[in-house]
Structures are given as structure tokens and as C-alpha cells.
Amino acid sequence: MTPLAEAKPAETKPGGSAAASPRLMSVDALRGFDMFWIIGADSLVYALNTMSQTAPTKFVAGQLEHADWQGFHFYDLIFPLFVFIAGVALVFSLTKAIERAGRTEALKRVFWRSLLLFLAGIFYSGGLTHRWPDIRLMGVLNRIALAYFFTGLLFCFFKPRALAALGVSILAGYWALMTFVPIRDIQLTRSHMAELAAQAGDEKTAAFYRDQDSPNPSAVKDSPAWAAAERLFYATTNRVSGKFDKGLNLADHLDFQYLPGRKYDTFFDPEGYLSTLPAVVTCLLGVFAGLLLRNQAVPDGRKVLWLVGCGVGAAALGWLWGLQFPVIKKIWTSSYVLVAGGYSAILLGLFYLVVEVWQARTWCRPFVWMGMNSITIYLASNVLSEFRPLALRFAGGDVRAWLEAHLAQGSGELLVSALGLGLAFWLVHFLYRRKIFLRL
């Protein structure tokens, strides 16, 4: 995924301008900041909100929940920000590979890193412990792998103007497909499918769909519930277009028909086939930011202005487009790409200003440790359930109960969450000091 060819941040020229280098500390710090939220920092906020439900804590806690479908919360930025940063880092690593060994070597790097990351995604989803079809093929790491792969190929063959034209074409093409291609007038959600099954006289299947604790039928071999869903789907003859509702849109319908294995949302997947196309553009937006940062002819202050200004413009355009093509993370709409890409560019500009221009670096070093081993900590968090079981070894049981009873409700959970994050930072610092980095 993110190239880790060197184990040290970029050197800087006198006056604070970052020299041409394999990596920038601000990029690593932003990636680490992103990982900080992925591995469980949200639990700190939830615990604080339990301790004292003030307006600010309620607002922040709400921002750390994904929008149910349409809309945008802070937590809806975490995933695309990671894809965006992969595009930024790609510029430095592939440019260096092309200059040193040629385009063929760069293409080999893109292929192997994408393949390894995709296989890591299969492992993350239980590919070695679960039996088919209880294996998810298109998860978070898989999407990052595919976005990196296609963006890397495009970067190796096309110049920036062509890349921009391709990005615009992909977003417009995705909008056109989602808007004008007719689909069956059936909403693939458990509640709606339960209604249809009941209307068809299949009360057993209807009860299965209503029970939120029932197994995911896409993960069960020869599932009668899945077969019933297929019958209901293909029996629907009425066609509609321009629909973007949950389970009633082209991307979700294609997942239901053609995506094998376990679907995250029962009948479809938020990282499915068609919505991977606009995710490539998210990575391309990172490439444009990386090209700007690598351009030594542009002063650092102007780089910050370009990042922030373009970020504001992209977000505004995304929200405007969202009036017709709503901002929806789970189908990665074109408007969502622009909104998330705009906010990502603004964050990168702020990190670049503080870390590279102002040279204020001490505060961000823990994020750098985490950013330089992002895949390691992501996989470790999966294996260890976000370090919570280890944290409970130190602060579970009587310690947690005493704090909850004598200090404040939520204080025990706050301690457990803080310890879990502390263990995560200890691990990445340990790896950083020994120059151990997982290169995918």
C-alpha cells in the first residue's frame, strides 16, 4: 500500500522547504493521525460522553459514527483519507522507482504491493479461518489495494493533464451509470425483503430476515434464505432509474448479482465492485496533492494555499453536486469523492504547514511511528480486537468496576480505552526504534 522504502522522514532545506525525498514527515503524521481513529480513539470520546454528556461531547461522539446512509460525519472521512494519502505517497515512491530502474520496475512494484495488500485483506476477513462462502472478498484493505493498483498503473503511463481528464471521466461516468441505467424496483434491505417474503406467503423467510441476529445468508453455503432473496429479486419486473437509496441502486444490485462470498450488508457490500471506480479517483486526488508537494518550484507557503484552497473548492463542488447525486459513503458517490477529497486536502495542507513549514514536529512523532507502520497496526488491531483484551488485563475487573462506582460512570471504560491506545503506540514505537516496517 503506502510505500515504506526509507525509515526516516524527509530532510529539509534551510528555511524549512522540504527537499526531494522518499517521504515527508507531515504525510506520515497525517497517516498516523488517521490510524489513531481507526484503531479505537473513538472509544475515548464515547467514554467521555458517558462521563459527562455535554453538548460538545455529544456532538463529537455523533461525528464518530458513520452517517446511516446519506450525509457526512467526521468518521466518514477516515477511510477515504487513507486512500488519499496512499496516492500522495505513491508519487514519491513510483517517481523514485522510475528514475532509478525504469517504468517496468515501477509496474512490478505496483503489481506486487497491490497483490500482497489484497491478500492481507482476505486474511483480515478470516480467509484462513472461515470456510467459503463465509469470506469477504471486497473489504477495506482490498479496496485500498485496488485503488492503489489502478492509480499506480495510470500514474506510470499518463501525465498529470491526462490523469485529471481520466479522473473527471470516471466521476462523470459513474454518475451516469448510477443515474440512467435501469434497475429492478426492489430494495435489498432485510426489512423490505421481509415484507416481500411475507406478501409471497413465505413467512419462514420473512421471520428470518426480520431477526437481526440470524446468520448472514450470503455467508452460508446453499442458504435457503439467499435462494429466496434471489427468487424475489428476479421475479421483480418493474424497472426504475436514478435511485440512490440503501439497497436500491445500481452498485448494490450488481453486488447482489455478481459479488461472491460474504457481503458486509447482507445483500450488498459498501466496498463492492462498481463503487471501486470512484475510489480510484480518491487516490488520484492524492496523486495531484503529491505532485504539488514534490514540485520544488512552488514555495512551501503557496503549496499550503493550493492544498487548502483546492480542498475548499472540491468540498463545495461536492456538496453542490450532492443536491442531485447525494453524498453517500457506502456507494462512494462522485459527490462523496469530492467532499472527502476536499477535506483530505485541507488536512494535508494544515499538517504540511505545521510540520514542514513551521517545523513543529515533537507533537506529531507518535503519529509518525504509527503512520510508518500503518498496515502492521491495522492487522494487529484486527487480531487483538483493537488492543482491548490486553488493556482489560491491566484495568478490567475490579479496577474498572471501582472507577465506575466511585469516580464516574464511563471512567473505567475511559481508562481501558486509553490503555489500549497506549499499547498500540508502544508497539509502533518499538518497531520504529528497531527499523521494522511492514512493506506492502
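The values are calculated or read from the model by the stated rules, or taken from the named source; none is laboratory data. Just so you know, these numbers come straight off a predicted model, no measurement behind them. Cβ atoms come from the backbone with ideal geometry, glycine included; neighbour counts cover every protein chain shown.
For segment 343-364, taking the residues that are within 17 Å of the chain's Cα centre (by Cα) and surrounded by 24 or more Cβ atoms within 10 Å (Cβ to Cβ), the one that is nearest to MET138 (Cα to Cα) is identified as SER344.
Only residues that are touching a residue at least 40 places away in the same chain (Cβ under 8 Å), assigned to a helix (DSSP H, G or I) and aromatic (Phe, Trp, Tyr) were counted across segment 253-267, and they come to 1.
Residue-level analysis places SER218 among those that are more than 30 Å from LEU338 (Cβ to Cβ) and of a type in the set (Ser, Thr, Tyr).
Pairs meeting the criteria (first residue in segment 428-440 and more than 10 Å from MET372 (Cα to Cα) and surrounded by 19 or more Cβ atoms within 10 Å (Cβ to Cβ), second residue modelled with pLDDT of 90 or more and among the charged types (D, E, K, R), beta carbons under 8 Å, at least 6 apart or on different chains) are LEU440/ARG113. Scanning segment 235-266 for residues that are buried (at least 22 other Cβ atoms within 10 Å of the Cβ) and aromatic (Phe, Trp, Tyr) yields one hit, PHE256.
Checked against (1) under 29 Å from LEU166 (Cβ atoms); (2) touching a His at 6+ places or on another chain (Cβ under 9 Å), GLN324 passes all but condition (2). For segment 278-288, the criterion of being in contact with a Phe, Trp or Tyr (Cβ under 8 Å, 6 or more places away or on another chain), under 24 Å from LEU141 (Cβ atoms) and assigned to a loop (DSSP other than H, G, I, E, B) is satisfied by no residue at all. Every listed requirement among (1) in contact (Cβ under 8 Å) with a residue 40 or more places away in the chain; (2) surrounded by fewer than 23 Cβ atoms within 10 Å (Cβ to Cβ); (3) over 13 Å from the mean Cα position of the chain (by Cα); (4) assigned to a helix (DSSP H, G or I) is met by PHE79 save one, (3). Restricting attention to segment 365-378, does a residue exist that is assigned to a helix (DSSP H, G or I), more than 15 Å from the chain's Cα centre (by Cα) and within 30 Å of TRP175 (Cα to Cα)? So far as segment 365-378 goes, no, none of its residues is assigned to a helix (DSSP H, G or I), more than 15 Å from the chain's Cα centre (by Cα) and within 30 Å of TRP175 (Cα to Cα). Among the residues of segment 395-406, those that are surrounded by 14 or more Cβ atoms within 10 Å (Cβ to Cβ), in a helix (DSSP H, G or I) and without any contact (Cβ under 8 Å) to a residue 24 or more places away in the chain comprise VAL399, ARG400, LEU403, GLU404. All told, VAL298 falls short of being β-branched (Val, Ile, Thr) and in a helix (DSSP H, G or I).
Within the group GLY102, GLY126, which residue is at positive phi, within 21 Å of the chain's Cα centre (by Cα) and free of Cβ contacts under 8 Å to residues at least 60 places away in the same chain? From the options GLY102, GLY126, the qualifying one is GLY126.
Annotation note: Cβ proximity below 6 Å between a residue of segment 302-319 that is over 17 Å from GLY290 (Cα atoms) and a residue that is β-branched (Val, Ile, Thr) and surrounded by 15 or more Cβ atoms within 10 Å (Cβ to Cβ) (sequence gap 6+ or interchain) occurs for ALA315/VAL339; GLY318/VAL339. Cβ-Cβ contacts under 6 Å between residues 6 or more apart (or on different chains), taken from a first residue in segment 225-252 that is within 22 Å of PRO270 (Cβ to Cβ) to a second residue that is among the charged types (D, E, K, R) and outside any loop (DSSP other than H, G, I, E, B), are absent.
Residues in segment 407-435 that are at pLDDT 90 or above and not in a helix (DSSP H, G or I): ARG434, LYS435. Per this entry, GLN324 is not counted among residues that are touching a strand residue (DSSP E or B) at 6+ places or on another chain (Cβ under 9 Å), assigned to a loop (DSSP other than H, G, I, E, B) and not small (Gly, Ala, Ser).
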